[in-house]
Amino acid sequence: MSDDTGFTFTGRGRFQRADKFVTKAGKDIITLILEVDGRFPQVVPIKVFGRLAEMAGSFKAGEIVEVTGRLGGRDWNGKVYGDNVAETVEAEQAPKNGGIEPPVPPDDSDVPF
C-alpha cells in the first residue's frame, strides 16, 4: 500500500478578500479569494480553517499569498461539490526598501576623463 495523500496543490495569487459563511450549525467557513494572473486570469477560492482562518484577517488586498493545500470534494444528492482547502498560507514579504534597488557606486571606469 502506498503513502498516498491524495491531490495536492501549491500556488500563488493576489489576495482580493476573505468571504465568511456561517453554516446552519453555526460553524464559520472562511474562503480566501485569490486572483491568479496569466494569459487567462483566474479567481480562485481557497477554504481556510482554524489558525489559518484567523490569519486571513491580517491579509491586505493586493498582497501576494502563497498557498499549499489539498483538492477534495463531496457527493451530495447526486451533485459533486469541489473544495480547495489550504494547509499552509503565507503572505510574501515586501522588500523593506519598497522594491527600489540601492544606487550602484561608480567605479573607476565611470570617470569622465
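None of the figures in this text is laboratory data; all of them are computed from the coordinates on show. These numbers were taken from a predicted model, which means no experiment stands behind them. Please note: Cβ atoms are built from the backbone with ideal geometry, for glycine as well, and neighbour counts cover all protein chains shown.
Name the residue that is surrounded by the fewest Cβ atoms within 10 Å (Cβ to Cβ), counting only residues in segment 26-45 that are under 14 Å from Val65 (Cβ atoms) and of a type in the set (Asp, Glu).
Checking each candidate, the answer is Asp37.
Inspect segment 17-25 for any residue being in a loop (DSSP other than H, G, I, E, B) and surrounded by 10 or more Cβ atoms within 10 Å (Cβ to Cβ) and give the result as yes or no. Spell out the reasoning first.
First, the residues of segment 17-25 that are in a loop (DSSP other than H, G, I, E, B): 23-25.
The next check asks that each one be surrounded by 10 or more Cβ atoms within 10 Å (Cβ to Cβ); those that pass are none.
Within segment 17-25, none of the residues are in a loop (DSSP other than H, G, I, E, B) and surrounded by 10 or more Cβ atoms within 10 Å (Cβ to Cβ).
Please work out if Glu63 is touching a Phe, Trp or Tyr at 6+ places or on another chain (Cβ under 6 Å) and more than 14 Å from Asn84 (Cα to Cα). Before the answer, list the steps.
Numbers: touching a Phe, Trp or Tyr at 6+ places or on another chain (Cβ under 6 Å): yes; more than 14 Å from Asn84 (Cα to Cα): yes.
Yes, satisfied.
Is there a residue in segment 55-63 that is within 19 Å of the chain's Cα centre (by Cα), part of a loop (DSSP other than H, G, I, E, B) and surrounded by 13 or more Cβ atoms within 10 Å (Cβ to Cβ)?
First, pick out the residues of segment 55-63 that are within 19 Å of the chain's Cα centre (by Cα): 55-63.
Those still in the list that are part of a loop (DSSP other than H, G, I, E, B) too: 59-63.
Keeping just the survivors that are surrounded by 13 or more Cβ atoms within 10 Å (Cβ to Cβ) gives 59, 63.
Yes: one or more hits.
For segment 26-54, name all the residues that are part of a strand (DSSP E or B) and over 14 Å from the mean Cα position of the chain (by Cα).
Going through segment 26-54, the residues part of a strand (DSSP E or B) turn out to be 28-36, 42-48.
Once the filter is applied, which keeps residues that are part of a strand (DSSP E or B) and over 14 Å from the mean Cα position of the chain (by Cα), segment 26-54 yields Asp28, Ile29.
Going through segment 4-16 one residue at a time, which ones are touching an Asp or Glu at 6+ places or on another chain (Cβ under 9 Å) and surrounded by 13 or more Cβ atoms within 10 Å (Cβ to Cβ)? Steps first, answer last, please.
Step one: filter segment 4-16 for residues touching an Asp or Glu at 6+ places or on another chain (Cβ under 9 Å), giving 8, 10-16.
Residues satisfying the conditions are Gly11, Arg12, Gly13, Arg14, Phe15, Gln16.
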